[in-house]
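Notes for the one structure printed next.
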């Protein structure tokens, strides 16, 4: 894929540069905040080679490109926007421009005209319009509109855990493959290189609290290193040698939940200390008081609270799956695709991490992974049933990453636009989730899903049985339910 060429085509459709307020990306999507977006623009984008789907929300236009492609295309697009902006600025050469007073008069006149036009448009339509010079204000208004507490919380959670995903994947795969090897050859366990691999596979969880503390403090507005230190305080192994009355302190009690509470409080405290401590003493007193006050608050109050919350989460998940069995798995597996579609799935990451820290596995991940497998079956049914060449091409492009556990390209490119296949995909995932819950399949790592998750599950063969169940159910239900044949998009 020529990412620069793709970025140029996207820029030609969504530009000029004044129309692009912001370009960013997540793992699979290029996210554009635009001043004006039209349905025709979405149709043109959908027809581009390499675009797997489009999702338009009230604040941004999401272009599904897949892992790797999203980041490289975004970088190329950002360069195009910056270059176009610089080129426009370079045209204001004083040699070829009127006098300063004339330029100022011209700008003032244009500003007055823009304001008059905006007011006139507002009176006629009741809808607020922006002039070309109001891009920053429009961007700020969009951010304010979407700055609800829940959305801000999800954004912070994403900022904390998404940077850790490459570590989860690498360490998880090392651990999973090593476990498969040792099951077939137990005698290898005493070899030095096997022990080294075991350390590499466990490294992410050995330093998890410190990594989360560092990232969390940054997201909450504090100093990252102070967040890491506070996480180290409640994780330090020497805590087990301290008695408070008749109670012995427990290193790491409360796990990730306690770390999030402590670092959030530490960042809040640090910001307020900086407002009252004189500037000349800020470097000395602010970090000192932050560690002392937040450290004691952590050990006496926040860590015990975090421990109670973590225990409640762990017990609640375990009881729900063990008592509810297949029915619990069916419900969770069926609901996961809509949760991913809404972009709130990152909220589950700290729960997965907490369960692994407390029990060694998370029972939730294998169940939720079945949602993507149901979608694979649904998309295969669409592929064999449709006569639409573009849709077939989209499915073939997105299936490999879907099988590897990244479902957004298939959601936005295939099942969701078709309607009924999205519902049948959810039901297909529900059947697979029922299998995973019935056998209490656990995963010892996160960050991976789909077929690769097999390597880190407690019973790989049963997990594969769940995958096969979702594939078959998703395929059969989609074939029976059918779908409305879409029109071929016009090439841009």
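The values are calculated or read from the model by the stated rules, or taken from the named source; none is laboratory data. Because the structure is a prediction, the values reported are computed rather than measured. Cβ coordinates were reconstructed from backbone atoms using ideal geometry, including for glycine residues, and neighbour counts include every protein chain displayed.
This table checks each residue for (1) more than 30 Å from residue 167 (Cα to Cα); (2) outside the structural domain of residue 160 (by TED's automatic domain parsing); (3) modelled with pLDDT under 95.
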position: 454; (1), (2), (3): no, yes, yes
position: 457; (1), (2), (3): no, yes, yes
position: 468; (1), (2), (3): no, yes, no
position: 473; (1), (2), (3): yes, yes, no
position: 476; (1), (2), (3): yes, yes, no
position: 488; (1), (2), (3): yes, yes, yes
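Just one of the listed residues (376, 395) is free of Cβ contacts under 8 Å to residues at least 40 places away in the same chain and assigned to a helix (DSSP H, G or I), and it is 395. Is it true that residue 400 is within 23 Å of the chain's Cα centre (by Cα), outside the structural domain of residue 179 (by TED's automatic domain parsing), surrounded by fewer than 17 Cβ atoms within 10 Å (Cβ to Cβ) and assigned to a helix (DSSP H, G or I)? For residue 400, the condition - within 23 Å of the chain's Cα centre (by Cα), outside the structural domain of residue 179 (by TED's automatic domain parsing), surrounded by fewer than 17 Cβ atoms within 10 Å (Cβ to Cβ) and assigned to a helix (DSSP H, G or I) - is met. A residue that is more than 18 Å from the chain's Cα centre (by Cα), at pLDDT 75 or above and crowded, with 20+ Cβ neighbours inside 10 Å can be found somewhere in the range 81-100. Annotation: residue 57 fulfils all but one of (1) surrounded by fewer than 19 Cβ atoms within 10 Å (Cβ to Cβ); (2) in contact with a helix residue (DSSP H, G or I) (Cβ under 8 Å, 6 or more places away or on another chain); (3) at pLDDT below 85; (4) under 20 Å from residue 406 (Cβ atoms); the unmet one is (2). Inspection of the range 297-311 identifies at least one residue that is farther than 21 Å from residue 355 by Cα and loosely packed, with under 15 Cβ neighbours inside 10 Å.
Identify all residues within the range 447-492 that are touching a strand residue (DSSP E or B) at 6+ places or on another chain (Cβ under 7 Å) and outside any helix (DSSP H, G or I); write none if there are none. Matches in the range 447-492: 457 only. Condition check for residue 383 on (1) buried (at least 21 other Cβ atoms within 10 Å of the Cβ); (2) free of Cβ contacts under 8 Å to residues at least 60 places away in the same chain: one failure, at (1). When 450, 482, 429 are checked against the criterion of being closer than 16 Å to residue 375 by Cα and more than 24 Å from the chain's Cα centre (by Cα), a single residue qualifies: 482. Taking the criterion of being closer than 26 Å to residue 392 by Cα and modelled with pLDDT under 80, the residues of the range 1-27 that qualify are 1, 26, 27.
Residues in the range 423-461 that are in contact (Cβ under 8 Å) with a residue 60 or more places away in the chain and under 26 Å from residue 43 (Cβ atoms): 425 alone.
Would you mind finding the one in 369, 378 that is within 22 Å of residue 439 (Cβ to Cβ) and outside the structural domain of residue 56 (by TED's automatic domain parsing)? Write out each step before concluding.
On the way: 378 fails: within 22 Å of residue 439 (Cβ to Cβ).
Criteria check complete, one pass: 369.
For the range 60-73, the set of residues classified as in contact (Cβ under 8 Å) with a residue 60 or more places away in the chain, outside any loop (DSSP other than H, G, I, E, B) and either touching a strand residue (DSSP E or B) at 6+ places or on another chain (Cβ under 8 Å) or crowded, with 24+ Cβ neighbours inside 10 Å (or both) consists of 62, 64, 73, listed by residue number.
The helices (runs of 4 or more DSSP H) found entirely in the range 260-344 that carry 2 or more residues being over 26 Å from residue 425 (Cα atoms) are 279-297, 303-324. Evaluated against (1) without any contact (Cβ under 8 Å) to a residue 60 or more places away in the chain; (2) surrounded by fewer than 19 Cβ atoms within 10 Å (Cβ to Cβ); (3) closer than 18 Å to residue 476 by Cα, residue 420 falls short on exactly one condition, (1).
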